[in-house]
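Read the figures in this text as sums done on the coordinates, not as results from a lab. Please read these numbers as outputs of a predicted model, since none were measured by experiment. Counting neighbours? That spans all protein chains shown, and the Cβs are built from the backbone with ideal geometry, glycine included.
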Amino acid sequence: MPNPLLRLGTRGSPLALVQAHMVRDALCAAHGWPEDAVEIVPIRTTGDRVQDRALAEIGGKALWTKELDRALTEGEIDCAVHSMKDVETLRPDSIRIAAMLPRADVRDRLIGAASIDALPENAVIGTSSPRRSAQLRRLRPDLRPVLFRGNVDTRLAKLAAGEVDATLLAAAGLDRLGRDDVGAAIPNDVMLPAPAQGAVGIEARAADSRALGWLAAIGHAPTFACVMLERALLAALQADCHSPVAGLAVIDGETVTISAELLAEDGSAHVTGELAGAVTEPGMAEALARDLLARAPPSVRRLFAA
C-alpha cells in the first residue's frame, strides 16, 4: 500500500472508530481520493482504560485527548477525530480545531422507560454526567443517579443486567452505531443537551497548512459556528467537569440563538438564559455567561466563575 496522505488518530471505541470512518469517507469524497489515502490510527486513551471512576476525579476531559494531543504534536498522526463535547475548552496553541462534520441529533435518549415521568419512584439512573444527574434530579428529586462509565455497548449491557433501572445516552452516538431504535428522545425543552453534543470535530497541527487545507473542504460552517459559541460559553463560565451546565446554539438564517442552563449538583436550584444575535456578533457567549452568573443562586454560582 502506498504511504497515506493523512494519518487520522482516534480513540479505539466502536463509536470513535465509526466517527473516524465518517471523517475518512468525507475526505475521500471531497478530494477524490481512494480509501487508502487516509490511514486510521487507533490510540488508547486514559479515559478508555480507567472505567471505575468519574472523569472529574481523575483528570477531566483531558483523559480523552492527551494521548491524541501527544501523537499529533509529535507527528505520529496528522489529524485527530474527537466527539467535540469531550474536548477541553482550552486547547494548546500548537493544535487547531480545523473542521467539524454536520451536527447530528443533539438530544439525549432515555433507555429503560418511555419518559422521565414514567420512571418508577426512586429509580436508579446510571450516568457519569454531572449535567444529566442534576437535570434529572431537578425534574424528579426522588431519582438516584449512580456512576455509570463505559462505551455504549457496556452501558447497555449493564442496564440489561439490572444494575440500574435506566440510563441516558446521546442520540447521536446511538444513531451512528445503528441503534436509532434504542431509547426515547428527550426534548430539548425538557433537558437541554451538553455543549457541543452531537458534533464530530477534527484537529490538526496549527502549522500544518497542508492538512488544514484538506480538512477545510469537509467543514460544516453552521456546526462550527454553533459549537464554538457553546465552547466560548464554557470558557466564560470557567466550567469544568464538575460543573452541571447545558447549552445549545442554533442558527436560523443570519441569527444565532444560544440557550443555557446552570444547575446545582443535586438539581435543587438552577438558572436558565437565552441570547440571540447575528452569527458574526462578538461577545455573545460572554454576555450570556455574565447574565446567568448574575442571576444564579449561590449553590449554582459557586460551581462556576466567581
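Tabulated values for the structure
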| quantity | calculated |
| --- | --- |
| Within region 103-123, backbone nitrogen closer than 17 Å to the virtual label 7 Å beyond the Cα of E163 toward Cβ | 111-112 |
| Neighbour net charge for R96 - beta-carbon separation under 10 angstrom, K R +1, D E -1 | -1 |
| Residue (of L119, A160, L147) at the positive-pole extreme of region 108-185, dipole from beta-carbon charges | L147 |
| Compactness index (Cα Rg / 2.2 N^0.38 Å), region 152-207 | 1.43 |
| In nm, spacing of pseudo-spin labels at L90 and E254 (7 Å Cα→C-beta vector) | 3.6 nm |
| Rounded, prolate or oblate (a/c below 1.5 giving rounded, otherwise prolate when a/b exceeds b/c) for region 108-185 by Cα gyration tensor | prolate |
| Fewest-first ranking of W33, W214, using other Cβ atoms within 10 Å as the exposure measure | W33, W214 |
| Alpha-carbon centroids, region 86-122 and region 274-306: separation in whole Å | 20 Å |
| Mean shadow area of region 233-301, taken as a quarter of the surface of its Cα convex hull (nm²) | 4.4 nm² |
| nm² value of the averaged projected area, convex hull over the Cα atoms of region 150-306 | 11.8 nm² |
